[in-house]
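Structure first, commentary second.
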Amino acid sequence: MYIDQLKELYYRERLKLEGMEVYRKESELRFLKLKADILQESQNRLSISELEGRADINEEVKDELLRDRDKQEKVVERIEDNLEGERQELEKEEKYQLERLGYSPDDFADYLCLAEKVLLLENALEEEKLFPSEVYREMKRKSSQLPGSRNVSS
């Protein structure tokens, strides 16, 4: 009984959270941040010594491109140019996303309160040895199987 009510409450609150405009916009910004982090990690890993150590690059290619100092510099330059171009595109996209946020401090406060509520419900589910993502999928499946259900967040 308690578990069923906990699952229902979690499902309803998570649906509300995911339906919020602030949630969608914040998710887009988090995704851009993740892309920037991956780009930075790529830059850190794309050194000549890293390329030389990779088994998936043919040895002849390595000899041709990396052993010759002029070609090696061109490879490094091209990698850096590509990474810089990607970084600039990410910055433009982030700036665009920030410009179109357009939600009020009250909207953001509501989002934070609901996000905290969902987090507390997830913790309660985990204390009951349940996985929140599995509970959400199960409740979504049950909700879609009910006759006349529309999956509306209220």
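Summary of values
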item: ³J(HN,Hα) computed for each position of the stretch 97-111 - Karplus, 6.51 cos²θ - 1.76 cosθ + 1.60, integer Hz, glycine/proline x; result: 4, 5, 5, 9, 3, x, 9, 7, x, 5, 4, 5, 5, 4, 4
item: Two-site FRET efficiency, Q97 against K16, from Cβ-Cβ distance with R₀ of 25 Å, rounded to 0.05; result: 0.65
item: The stretch 119-125 - phi-based ³J(HN,Hα) in whole Hz, Karplus 6.51/-1.76/1.60, Gly and Pro as x; result: 4, 5, 5, 4, 4, 5, 4
item: Stretch gain in nm, segment R78-Q145, where the contour uses 0.36 nm per residue and the Cα spacing is subtracted; result: 18.7 nm
item: FRET efficiency estimate (nearest 0.05) - Cβ-Cβ, L119 to E41, R0 35 angstrom; result: 0.80
item: Ascending count of other beta-carbon atoms within 10 Å, so fewest first, for D70, D107, D37; result: D70, D37, D107
item: Cα convex hull of the stretch 77-118 - mean projected area over all directions, nm²; result: 4.3 nm²
item: Cross-link pairs beyond the 24 Å C-alpha cut-off, checked among K25/K95; K25/K129; K16/K142; K117/K140; K95/K117; result: K25/K129; K95/K117
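Read-outs throughout are calculated quantities, based only on the coordinates presented, and are distinct from any laboratory measurement. Since this is a predicted model, take the numbers as computed values, not measurements. Glycine also receives a Cβ, built like all others from the backbone with ideal geometry; neighbour counts cover every protein chain displayed.
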